[in-house]
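Where a number appears in this text, it was derived from the coordinates with a stated rule and is not lab data. Keep in mind the model is a prediction, meaning the values are calculated, not measured. Cβ atoms come from the backbone with ideal geometry, glycine included; neighbour counts cover every protein chain shown.
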Amino acid sequence: MKRHNEAKWRRLVKESRMDEMATAWKERGLAGPYKLKSGEMGDTLAALQQYVTPEGELPTHFIHFGGITEQDVTAVKKTFKGAVNTYIDKKVGPARSVTAPNRQSKHGPQFKFGVNPRSAEKYNTPYGIYAYPLTPSIFRSLSDGTLPFAQNEPFILLFKTTDRVPLIYTSEDIPEDEYKEYVQRLFSDEMVESERNVRYTRGHKWEKKRRQHFGDLGGADPRPYDPPLDFLLKGKRELQAAYEKEEDPYPADLAFVRQSEHDTNQYLTDAMRERLPFSASDSHSAHLWGLVRSAAQEDPVRWSAMMRKLGIGGIVDDAGTGHIHSQEPVQAVFFTKRDPEKNLELIGVFPNTHTKRKIERRSLVEKTREIRELVKMLVKEIHPNPRQRVDREIIDNLISFIGLRDPSWILDPHVDTSDMREALIDLREEGGPIIVEFYVQNYTGGSKIELTNSWVEWGRRMYDKGYGSDAIDSHPGAKEHYAMVHKLRSLDNFSLSSADEKRAQEDFAYARNLLAKKFKEIDDVVVKHQEMLDNYLQEAPSQVPPEIPAAWEAERNKSTEDIIASSLAAASEE
C-alpha cells in the first residue's frame, strides 16, 4: 500500500509539472513552446509550417499520427536466460519487442513510429508506414481539423526520407520505360521463385495447424501456397509467350496487364468520381499498384514485400489520385518493415493540439467570447438600464431564444455549423431586433411570475379573513387577475413588425425606445394588478365568527392529554 501511494504521489507530481510546462509559455507571453528556425517561439502548427513544401514542388517532409492509450497497455513478459517459464515484470517497458497494442507504459499515451499491422488488414492495404505529405493543402486541413483519418491521435510525428529510399511521386508518375521494367521484374523468374518459396512455407505452416485441429479430415491440402501463386504464374506465362513472339512487348500488349489496368481505371473512376486530378488511364503508378496487389492476392505482407523487391521504398500520392485509398487521396506509404530509422529520419514528435475535439473546443470558447462581447455591446446600447448585467445564464438563454425564434438552422439536416456560430451570425445581422424581442419576452415571463405570487399571497390573506377557496375563486378579483395574466401572456411570442425590425437594427436609439415602451406597458399591468388586489382586500369584510366565550376558549386550548385524562375521570365516576 505504501509503495502504491508513493507511486501515485510521484505520478501526480509529474503530471502537475507537465501541466506547468504546458502552460509556462503562455504565462511568459510566448507564442508557443518550440523554438523556430527564425529564432522566435511557436506552437505545434508553427513548428510544422516550417517544413511545408511550397506549391509545385515534391514533398520532402511527412506527418504521421500515432498514439497508444493507457487502457490498451499490458505488462511486458521478460525471459531469463536458461529459464523455462516467463513471468510478468511490471518494471520493464516500453519495450521495442512488444507490439504496439501490448506495449507497456506508465506515463500516459505513447507513440510508435513503425508499421501498424492492424491498419493494413482493416483497410486492405500493404504493410507500411502511412503518412500525409506536408503540402499546403494538407497543412490547411490539419489546421481546420478536416483531415480524413487519424487526426484525433495524441501525437504528430514529423519525419523525412533519407536519400537512399527510392520513391514514386504520382505528380511525376512513372515513365513508360520504367513502368515496362517494373512489369518485367514483377513477373520474372526471380520474383516468382522467391514468392513460391515464401508462400509455400506459409502454406505449410497453415496446413500443419489445420491438421493439428482437424486431423486428416478435409482431404489433401487445399492451399499449398499462402497466398496462391495463380496471378504471378499466369503473368509469367503470358510474358514469356509474348517474348517468344516479339522481342520487347509493351505492358499494354499483355492481356492480363490490360485487364488489371482496366479494373484499376474503373475502381478509381467509381471511387474518386469527380476528384481525379487527371484521367485514371494516365497513371502508371496506379496501374503498378493494381498489378502488385493482384500478384500478392491482396495479402498485406506479400504486397509490401513485393514492392520492396521491385526496389520501391514508398509511394507518395501527392497528386491525389486516390489509388492508395480513395478516402485519403493525398497520402504516402513507405514499405519498410524493420528499422524504419534507417530509411526515415524522425525530426520531432509533437503533441497533437489540433484534434477535432480540441479545435471545436477552442472554436466554442472563441465564439462564446465573441458572443459575450457582442451581447454586452448590444445590451449597453439598447437596454433602458445602463447597468444591466450580461452573465452566462443570459448568454445561454439568448442562444436558445435565437434557435426558437428562427428554428430553420436547427431543423435543417444539411447545416453542419454549431448553434454558437449560427447565433453569432444572427446577432451580427439583426442584433437590435433580437435584443428587443428577447428582453420583452424575458421581462414578460418574470412579470407573470410576479402576478402569480401576488395572487397567491392575496388568496392567503383572504383565507385568514374567513373566505374559503370557492369564495376566492368566484370573487371579482379572480376574473380581473386572469384577465391581466392573459394580457401579459399575449407578449410571450412578441415579435417586431418588419418595419420596426429594420429600423431597430439601423438605429439602436429607436430600439431602446421600443424596449422602454414595452417595459412600461408591462409595469403598468403589474402595478394595476397589485392595486386591484389591495383594494379588494381592504373592502372584503371579515368572515371570522365573533369572539367565543372564555370557557369555550379554555376548553379549545386544552391539550390532548388533558382531554383524555378528563374523559377517564368522568368514566370512573360513573
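Remark: for residue pairs Lys122/Lys234; Lys37/Lys376; Lys160/Lys180; Lys122/Lys245, the C-alpha separation exceeds 31 Å in Lys37/Lys376; Lys122/Lys245. For region 167-312, the relative contact order works out to 32 percent when only alpha carbon pairs closer than 8 Å and six or more residues apart are counted.
Ordering Arg461, Arg421, Arg392 by the number of other Cβ atoms within 10 Å of each residue's own Cβ, fewest first, gives Arg392, Arg461, Arg421. Counting neighbouring Cβ atoms within 10 Å and putting the fewest first, the residues Ile522, Ile324 line up as Ile522, Ile324.
The ranking of Tyr179, Tyr482 from fewest to most other beta carbons within 10 Å of each one's beta carbon is Tyr482, Tyr179.
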